[in-house]
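Worksheet for the structure shown next.
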Amino acid sequence: MAQDVIIVGGGVIGCSIALRLAEAGLKVTLIERGRAGCEASRAAAGMLSPQSEAHKESPFLDLCLRSRLIYRGFTDHLTEISGVEVDYRDEGVLYVELEGDDSKEVDRWFNWQTRAGLKLERIAESKLRMDEPAVTGSATGAVFIPGDHQVDNRKLMDAVALAARRAGVDVIEGVEVSLFMIERDRVKGVRCGEDKIDAGAVVVAAGCWSGSLLAPLGLNIQTIPARGQMIALKSNTPHVNRVLHSRHCYLVPRRDGRILVGSTIEYAGFTKGVTAGGVGSLIAAAVELVPSLSEFEIVESWSGLRPDTADHMPVMGETGIKNLFVASGHFRNGILLAPATAELMSELILTGRTPDELQPFGIERFFKNPSGA
Ligand code: FAD
């Protein structure tokens, strides 16, 4: 039987869109070549941090802030349907200034966010010592961002995939979409090897593999893999109370006592893997920020491929082929952006109209001729 919508890719983006569309009453099939959440979405750190890395006002920051605003409701909803707790934590984020940091740069960042109406606070060294006693004695101060939160993204993936199934999404795992069926500039379904599945609409949410899936159609939507390596250290006592950032790394405490240390950004093609250089740089940065971490055991290491684009912005919208949509390129913020992406992409698919918030992220920018000819 023909589906209303096929979603290609079972990462956080594909699963969140699938759930939303199923809840709107559509017949949805999600096709994942591995297991739902086996790629970038599981490898992430789960920070919901639009402010920590923003350096100017932009439609992208607006989108991130919108997603942050609806995040708690999103996770509550997932837990209600799936029964899976996702450890949403709202202790805020501390950006720790270390000796040698350019304090004028931090001032500029602090000032424009304050002018933009975003909440953040300067923390004196003495208060930093009370709040986070494990931080290095050479820290000169910190900036506290109360609105930036975190979620355990592995649990989130378990929750969103199960919630999608319970909402009626047919989740097919271990099957790879190889081709799209197109008739008269309109998508009619997908091919998975010899098998065909008919559908009225198809959403490509295949992370950094989205570009190569669409390329045979003449669509030059390049998604670029940006490898991130991470390690987890194990502590038996609470050691770090909230997400800490320094200029070289971030530390993310989990409820089970692990402290995640991230992350590298490497353009090494589609090769995952953990390297001595990558782990070495993470350990050095982590110990610079919290010296006692040098005594902690490394309990895990992993890597994942973020879906990047040439301008580091997501690509979301119709592809130019009727009812063939793409939702990818979320780069460093796909966990954060999942609820807003699901909301806005579903609106586009259900109404046929592109919401204003999606306009800056359409595919047109990939086809602009730089010469203007
Ligand atoms: P993916 O999770 O990669 O999912 C795509 C899926 O498509 C995969 O499961 C893949 O198997 C499937 N697929 C591909 N091709 C096919 C095919 N032909 N047929 C069927 N299935 C296919 N974001 C944050 O918001 N906060 C963070 O703190 C954060 N930290 C990160 C740290 C690291 C180390 C990394 C790597 C990423 C981090 N990110 C973070 C980014 C975030 O993980 C990604 O932006 C997000 O997971 C992208 O989700 P996705 O669903 O687009 O891609």
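The values are calculated or read from the model by the stated rules, or taken from the named source; none is laboratory data. Only a predicted model underlies this, so the values are computations on that prediction, with no experimental measurement involved. Positions of Cβ are generated from backbone atoms using ideal geometry, with glycine treated the same way; all protein chains shown enter the neighbour counts. Just the protein is used for accessible areas: all its heavy atoms, side chains included, with ligands, DNA and RNA removed. Shrake-Rupley method; radii C 1.70, N 1.55, O 1.52, S 1.80 Å.
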Give Gly100, Gly141, Gly117 a once-over and let me know the one that is outside any helix (DSSP H, G or I), surrounded by 14 or more Cβ atoms within 10 Å (Cβ to Cβ) and on the phi > 0 side of the Ramachandran plot.
Gly141
Need pairs with beta-carbon distance below 6 Å; first residue farther than 20 Å from Val106 by Cα and within segment 43-54, second part of a loop (DSSP other than H, G, I, E, B) and at pLDDT 95 or above; sequence gap 6+ or separate chains.
Gly46/Val151; Gly46/Asp152
Gly304 passes all but one of the listed conditions (1) of a type in the set (Gly, Ala, Ser); (2) touching a Gly at 6+ places or on another chain (Cβ under 7 Å); (3) not in a strand (DSSP E or B); the exception is number (3)
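Kindly indicate whether Gly73 is more than 16 Å from the ligand (Cβ to nearest atom) and within 25 Å of Glu357 (Cβ to Cβ).
Against the criterion (more than 16 Å from the ligand (Cβ to nearest atom) and within 25 Å of Glu357 (Cβ to Cβ)), Gly73 qualifies.
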So, in segment 315-340, of the ones that are within 9 Å of the ligand (Cβ to nearest atom) and of a type outside the set (Gly, Ala, Ser), which residue ends up surrounded by the fewest Cβ atoms within 10 Å (Cβ to Cβ)?
Arg332
Under 8 Å between Cβ atoms, which residue pairs at least 6 apart in sequence (or on different chains) link something in segment 167-188 that is open to solvent by 80 Å² or more (accessible area, probe 1.4 Å) with a partner that is within 15 Å of the ligand (Cβ to nearest atom) and assigned to a loop (DSSP other than H, G, I, E, B)?
Glu176/Arg33; Glu176/Gly193
Mind checking whether some residue in segment 267-283 is open to solvent by less than 30 Å² (accessible area, probe 1.4 Å) and in a strand (DSSP E or B)?
no
Of the residues in segment 10-44, those that are assigned to a loop (DSSP other than H, G, I, E, B) and open to solvent by less than 10 Å² (accessible area, probe 1.4 Å) come to Gly10, Gly37
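Quick check on Arg242: is it more than 9 Å from the ligand (Cβ to nearest atom), of a type outside the set (A, V, I, L, M), in contact with a Gly (Cβ under 8 Å, 6 or more places away or on another chain) and in contact (Cβ under 8 Å) with a residue 24 or more places away in the chain? Explain how you work it out, then say what you get.
Details: more than 9 Å from the ligand (Cβ to nearest atom): yes; of a type outside the set (A, V, I, L, M): yes; in contact with a Gly (Cβ under 8 Å, 6 or more places away or on another chain): yes; in contact (Cβ under 8 Å) with a residue 24 or more places away in the chain: yes.
So Arg242 passes the test.
Of all residues in segment 294-306, which are within 14 Å of the ligand (Cβ to nearest atom) and either of a type in the set (S, T, N, Q) or open to solvent by less than 20 Å² (accessible area, probe 1.4 Å) (or both)?
Within segment 294-306, the subset within 14 Å of the ligand (Cβ to nearest atom) is 300-306.
Correct list: Ser301, Ser303, Gly304, Leu305.
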When you go through (1) farther than 24 Å from Leu350 by Cβ; (2) within 15 Å of the ligand (Cβ to nearest atom); (3) in contact (Cβ under 8 Å) with a residue 60 or more places away in the chain one by one for Leu61, which number turns out not to apply?
(3)
Condition set within 21 Å of Asp311 (Cα to Cα) and within 13 Å of the chain's Cα centre (by Cα), scope segment 64-73, selection surrounded by the fewest Cβ atoms within 10 Å (Cβ to Cβ): answer is Cys64
Applying the selection to segment 341-359, what residues are surrounded by fewer than 16 Cβ atoms within 10 Å (Cβ to Cβ) and either among the β-branched types (Val, Ile, Thr) or within 16 Å of the ligand (Cβ to nearest atom) (or both)?
Thr351
Quickly run through segment 164-211 and pick out the residues that are assigned to a strand (DSSP E or B), among the small types (Gly, Ala, Ser) and touching a Lys or Arg at 6+ places or on another chain (Cβ under 8 Å).
Gly189, Ala199
Some residue of segment 111-123 being of a type in the set (Asp, Glu) and farther than 13 Å from Pro146 by Cα:
no
Output the number of residues of segment 254-265 satisfying the condition of being open to solvent by less than 40 Å² (accessible area, probe 1.4 Å) and either within 27 Å of Asp102 (Cβ to Cβ) or within 12 Å of the ligand (Cβ to nearest atom) (or both).
6
